[in-house]
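I have placed the structure first, in the form of structure tokens, so that the comments after it can refer back to it.
Every number here is computed from the coordinates shown, using simple stated rules; none is lab data. All of these numbers come straight from a predicted model, not from anything done at the bench. A quick note on method: Cβ atoms are made from the backbone with ideal geometry, for glycine too, and the neighbour counts reach across all protein chains shown.
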Amino acid sequence: MGTTNSTITTNDFRFYVHDVRLVDATGTEVPVTIETDGMWALDGTVLLDFEDGSSTCTGGNPQLNSTIVGTVPVGTYTGVRFTMGVPFGQNHNIDVATAPAPLNVTSMFWNWQGGYKFLRIDGVSAGISEGWRQHLGSTGCDGDPTGGVTACTNTNSVAVAFDGFDATANTIVADLALLLQDTDIDTNTADTPPGCMATITDPDCAGVFANLGLDHLGVAGGTQAFFRME
């Protein structure tokens, strides 16, 4: 994977998704009603979990979740839209210790100011034995512990859209190879954390941010390439 055609062994791969919509034949977006289930889904926000607790990830468990289950009115739908991330109201001013699942996963929580890690990928690459990590969340957030967070300079939510989507036949794939295709995962910029911790000034984030469709170091984000349809 990456620019050096390296290998990476992952021990954590989780992310949050919300604002799921199907698109009908007229181009109208229809929200998907997602039932709160006490484990993976809360008020339309879903944790997708691809780690099985067999490795060294923090807060791992054997349970997996690779699906979003919801309902829409009967109709013909030709597209899907969703956002990778946690809505602002859920992401901030919440106590992770008492939050309902899936917002009670402490290993997916960054801090009171930044909120949750929207995406967490931990692993070991061929060139960085101490570990390579991709953690994405909001940065540049204003507020204080008593008054709460009011705004973030970089929300870092990832918008995803696919046309020609048939929920009965198609699958959305989170493709790590596509996410890392423009990143050297065998070297790391000096005096920065291994991988990318969503720091806007970290050069190691440039390729990942580009493939998430996010702005970085003055380069405007485009269309995400992390998710693909098959």
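Normalising the average separation of contacting C-alpha pairs (under 8 angstrom, six or more residues apart) by the number of residues puts the relative contact order of the chain at 20 percent. Each principal axis of the Cα cloud of segment 81-230 was taken in turn, and the coordinate range along them, longest first, works out to 46, 43, 29 Å.
Multiplying the residue separation of ALA99 and LEU178 by 0.36 nm and subtracting their alpha-carbon distance yields 25.1 nm. Among the trypsin sites (Lys or Arg not before Pro) found in segment 114-196, not one is both in a DSSP coil and sparsely packed, with 15 or fewer other Cβ atoms within 10 Å of its Cβ. Taking the number of Cβ atoms within 10 Å of each Cβ as an exposure proxy, the fewest-first ranking of ASP191, ASP12, ASP175, ASP43 is ASP191, ASP43, ASP175, ASP12. Each of GLU230, GLU51 has some number of other Cβ atoms within 10 Å of its Cβ, and from fewest to most they run GLU230, GLU51. Centre-to-centre separation between the Cα atoms of segment 1-61 and those of segment 116-131: 17 Å. Basic side chains Lys and Arg get +1 at the Cβ, acidic Asp and Glu get -1 at the Cβ, and with that the dipole of segment 1-82 about its Cα centre reaches some 200 debye.
About its Cα centre, how strong a charge dipole does segment 89-200 have in debye, to the nearest 20, once Lys and Arg get +1 and Asp and Glu get -1 at the Cβ? Let's see the in-between values first.
Working: 3 positive and 12 negative charges, 58 e Å.
Roughly 280 debye, rounded to the nearest 20.
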